[in-house]
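The block underneath contains the structure these notes are about, expressed in structure tokens.
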Amino acid sequence: MELLVLALAPVVFLMTYLYVKDEYDREPLRHLIIAFVLGILTAIPVVFVGEQLRTLFEVDANSDLFGIIIYAFIVVALTEEGMKYLVLRNYAYRLKEFDEPYDGIMYGATISLGFAAIENVLYVFQGGEDVALLRMVTAVPAHAVFGVLMGYYAGRARFLAKGSPQIERLKGLLIAVLFHGLYDFFLFLHWPYIFILAFVTLYIGLRLARRALRQHKANSPHKPDF
């Protein structure tokens with residue numbers, strides 16, 4: 001039970017933080033719960049598709065430099081973020097309650113944290129308390145960041161005055177894949193101290209995510225006029 005609490009605590013904290021930040025028109029909890037569960041369920045196709053791609057390209061975290069690039073950006077990042085994107089696009093994006101730009105962030109992060117929850121539970125039960133504490137400040141916030149960035153562009157796409165919503169949504173997917181891929185790439189490399197760049201990537205992502213939160217809150221049509 002203690003390991004389960006440690007595994008889920010950062011997920012609950014980040015979900016609560018983002019929900020509280022959505023102060024003008026909060027999403028119905030039933031939709032957020034469904035999005036979260038769908039995020040958990042993406043783990044099934046992620047494992048299947050990821051394994052097929054890993055076998056196809058014959059790569060893993062111990063490959064040569066080019067193999068690690070393929071593994072980090074395609075087998076891991078594109079597969080995981082792609083499945084989250086499908087849920088965001090085909091479930092959350094279609095909801096009538098998706099009525100302000102911030103909702104893209106809320107749903108994007110919720111789906112991403114659903115995936116992070118099941119992934120974190122599996123890793124923590126394998127690795128124990130030390131793994132739980134490490135992932136509490138690394139992998140789980142990273143998944144939230146990827147979800148916020150993807151959701152930011154989904155929110156922009158839904159209320160785009162000019163241009164292509166599809167291109168805007170795909171831009172969010174590609175940025176999430178880029179940050180996810182870079183984060184994993186630097187962790188998979190076995191060069192001395194190179195893992196520090198993974199934390200630099202996460203820090204930059206966090207800064208961009210905070211900016212995204214501020215921008216979409218400021219652009220809320222539900223913001224009261226004083």
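The values are calculated or read from the model by the stated rules, or taken from the named source; none is laboratory data. Nothing here was measured: the structure is a model prediction, and the numbers come from that model. Note: ideal-geometry Cβ built from the backbone for every residue, glycine included; neighbour counts use all protein chains shown.
Can you find a residue in region 28-47 that is at pLDDT below 95, more than 25 Å from residue 178 (Cα to Cα) and part of a helix (DSSP H, G or I)? Checking region 28-47: not a single residue is at pLDDT below 95, more than 25 Å from residue 178 (Cα to Cα) and part of a helix (DSSP H, G or I). Sub-6 Å Cβ pairs linking a first residue in region 202-226 that is surrounded by 12 or more Cβ atoms within 10 Å (Cβ to Cβ) to a second residue that is hydroxyl-bearing (Ser, Thr, Tyr) and not in a helix (DSSP H, G or I), at least 6 apart or interchain, are 220/24; 222/24; 223/24, ordered by first then second residue. Take region 207-222 and flag every residue that is touching a Pro at 6+ places or on another chain (Cβ under 7 Å) and assigned to a helix (DSSP H, G or I). Listed by number, the list holds a single entry, 216.
Note on region 154-176: among residues that are in contact with an Asp or Glu (Cβ under 9 Å, 6 or more places away or on another chain) and under 15 Å from residue 111 (Cα atoms), the one that is surrounded by the fewest Cβ atoms within 10 Å (Cβ to Cβ) is 173.
On inspection, residue 80 does not qualify as buried (at least 20 other Cβ atoms within 10 Å of the Cβ) and in a loop (DSSP other than H, G, I, E, B). Would you check if there is a residue in region 53-74 being assigned to a helix (DSSP H, G or I), acidic (Asp, Glu), over 16 Å from residue 149 (Cβ atoms) and without any contact (Cβ under 8 Å) to a residue 40 or more places away in the chain? So far as region 53-74 goes, no, none of its residues is assigned to a helix (DSSP H, G or I), acidic (Asp, Glu), over 16 Å from residue 149 (Cβ atoms) and without any contact (Cβ under 8 Å) to a residue 40 or more places away in the chain.
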